[in-house]
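Nothing in this text is a laboratory measurement; each read-out follows from the coordinates by a stated rule. Model, not experiment: these values are computed from the prediction. No Cβ is skipped: glycine too gets one built from the backbone with ideal geometry, and neighbour counts run over all protein chains shown.
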Amino acid sequence: MTDHAPTQAPTLHVERWFNTETLLTLEALRGRVIVLEAFQMLCPGCVSHALPQAQRVAALFPPGQVAVIGLHSVFEHHAAMNPDALAAFLHEYRIAFPVAVDAATPGDRIPQTMRAYALRGTPSTVLIDRAGRIRLSHFGRLDDLRLGAEIMALVCEAAAPVSEPAAEVPRVGGCDHDGCTVPTAD
């Protein structure tokens, strides 16, 4: 997934949440694979591809295994993309997964979480494993098949304890770093 060692995901810096009654944190979501979709509502690639893709991921994967979070990271047209406009946008596009408004820093056009994750722009997709480590950070359009495979690899990988080598995991049925096996009928 990445060509370097996974790093711990930085804290989300959030001004406001939509579509959730609780304040979400990465720590509270530990144990699930997290799909973090950074977007701007006036970004054509976000509207045409990334957000519909995130909606499909949220609909296809069990929420107990995969959490989808939108991150509205505004680095241009700040006045047009305020929280009231975002609320209308989320309603019109029927986006039901939790969406965070990335916290601004006075005098800096790049929002705090976007800067902490070193995102190059929007859309950006970040996959965080069950242990809270960044496993993929992708700028731009991401193929559905690749994204689904990357998510499923993390879901399967997490079936084995992170501290145990894959070779020590019984292959009765389940997943390890080599793949997922069909359970035997015993």
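What to note about this one:
- Per-residue Cβ neighbour rank within 10 angstrom, fewest leading, 89, 97: 89, 97
- With contacts taken as Cα pairs under 8 Å and at least 6 residues apart, the range 7-143 reaches a relative contact order of 38 percent.
- In this Cβ point-charge picture (+1 for Lys and Arg, -1 for Asp and Glu), the range 11-83 has a dipole of about 200 debye about its Cα centre.
- Unit charges on C-beta of K, R, D, E only; dipole of the range 7-143, Debye: 420
- Relative contact order computed over the range 1-84 (Cα-Cα under 8 Å; 6+ residues apart), in percent: 31
- Bridge type composition, the range 7-143 - antiparallel percent by DSSP, nearest 5: 65
- Whether the range 7-143 is rounded, prolate or oblate, judged on the alpha carbon gyration tensor where a/c under 1.5 counts as rounded: rounded
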